[in-house]
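Notes to accompany the following structure.
None of the figures in this text is laboratory data; all of them are computed from the coordinates on show. Remember, it's a predicted structure, so these values are computed and weren't measured experimentally. Because the Cβ atoms are built from the backbone with ideal geometry, glycine has one as well, and the counts that use them run over all protein chains shown.
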Amino acid sequence: MPSKNITILNTLKVGINKFPRDISLNYDNPPKLVMALTKEAAGFVDKSKNYINMQEDRACFEAWCLIIKAKTSNPGLKIELDVEGITVASYLGGKPANGHLGRFLYRILKFSEQYKHWFELSPDLEEIKKNFKNYLDTKKFETNAPLNEAETDLDKLLNKGLERYVEQLLVDSDSNKTKILKLSSASAIVGRQLPVGLFVGTKAKAHAVFTGGTSAADFWAVDGDTIKVYELKSKNPMVGIITEIFFYSNYVCDVFIEKGNKMNPHKPKKYYRNYDKIKGKKVQGIMLSNSDGWHPSLDESTRRSITNIMNSNVTAGIIQ
């Protein structure tokens, strides 16, 4: 027998034949579909538990919401997000207990703001989001600038994985760089491995709001007045690419464009990877994947529909 999730998706004529069992779906009150993550997928767990990275199938709620909206035959479908077993008391404000929770709170804040015509949060999650927004509005934050230049030795990069190797090939080659990275000029400023950490006050491990360390966008470019940020999947198809590019695009917008908020680029004694040159008026988030696609249920037409929905956000074209 098909799982309850697949039965619901078939009812909505979504046509997804593989959906995470850890995410529960409820369609008892049409046209609202309730999607519930586990605590581990949202970061509402202590250090003794294993956190689930946002790009994994069990955690990438943005990707599944957009896929369902793109594939359903019901254009009036609304989606509500919840997390199993939480209450308002699960987060009353202040620095999140861990970086995975911090990123999750930031993601639900941005997603609910930008797609509010069809996406909403459960009552408890809505209050939690408000608590986090108040925290962002009343504190000052700093990013983590690169500590060194990105590795360029192809042999060393290949030992680290195919994607790191391909990243450098794309950045190295002028012909590929201009064409594949969709740059308007070969003189565009390009960098690899853009850190996406966030710290309250000043940069320090104890001040981390988002995950730090190796958390980074694959590469980026300043092309005219546009900051382009890229997520690459090379022979590694996963729908989490959608969640990653959504997070990175919003992060870049808040840090390097929306100067009125309190997320500020770290200013080290010496800049690496042209970090000090990241400036612009708008952001383009670009997903690069090989022909395997993102998921066996997603053809090219569906992927195009997903990006069209993503671009229907309320940022007035600042984030695309």
What does the charge count near L33 come to, summing +1 for each Lys or Arg and -1 for each Asp or Glu among other residues with Cβ under 13 Å from its Cβ? +2
In segment 4-138, if every C-alpha pair distance is counted and binned at 10 Å from zero, what percent goes to each bin? 12, 45, 32, 10, 1
Along principal axes, largest first, the alpha-carbon spread of segment 104-222 in whole Å comes out as 50, 37, 26
Less than 12 Å Cβ to Cβ from A89, Lys/Arg counted +1 and Asp/Glu -1: what total charge do the surrounding residues give? -2
Could you work out which residue, out of N250, N236, N98, moves most in a Gaussian network model of the chain, that is, has the largest mean-square fluctuation with Cα springs under 10 Å? N236
Reach of K133 by Cα under 14 Å, taken over aspartates and glutamates that are not fewer than 8 positions away in the same chain: E113, D254
When you have a sec, figure out the Kirkwood radius of segment 30-85 from all distinct Cα pair distances and drop it here in Å to one decimal? 12.3
For segment 142-310, what mean projected area does the convex hull of the alpha carbons give, in nm²? 10.6
Among the listed pairs K205/K270; K110/K156; K110/K179; K69/K110; K69/K139, those beyond 26 Å (Cα-Cα): K110/K156; K110/K179; K69/K139
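What value, in deg cm²/dmol to 500, does the helix sum -39500 (n - 2.57) over DSSP H runs of n ≥ 4 give at 222 nm once divided by the residues of the chain?
Counting only the DSSP helices, I get -10000 deg cm²/dmol.
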For the chain, taking Cα atoms only, what is the radius of gyration to one decimal and the Dmax to the nearest whole Å? 19.4, 61
Comparing N74, N131, N159, which has the greatest mean-square fluctuation in the GNM of the chain with Cα pairs linked when under 10 Å apart? N159
Pairs of Cα atoms farther than 14 Å apart, segment 1-63, %: 60
Helix 162-172: angle to the longest alpha-carbon principal axis of the chain, degrees 0 to 90, nearest 10? 50
Angle, helix 240-256 long axis vs. longest principal axis of the chain, Cα atoms, 0 to 90°, nearest 10? 60
Once the convex hull of the alpha carbons of segment 168-219 is built, what does its volume come to per residue, in cubic angstrom? 95
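Obtain the radius of gyration and the Kirkwood radius of segment 53-130 from its C-alpha atoms and give Rg over Rh.
Ratio of gyration radius to Kirkwood radius: 0.97.
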Taking amide H positions as placed 1.01 Å from N in the peptide plane, with prolines and chain starts having none, which residues 5 or more places from N264, or on another chain, fall under 5 Å of its amide H? F141, E142, T143
Share of Cα-Cα pairs in segment 225-280 lying beyond 18 Å, as whole percent: 46
Taking N as the residue count of segment 122-178, its alpha carbon Rg divided by 2.2 N^0.38 Å gives 1.97
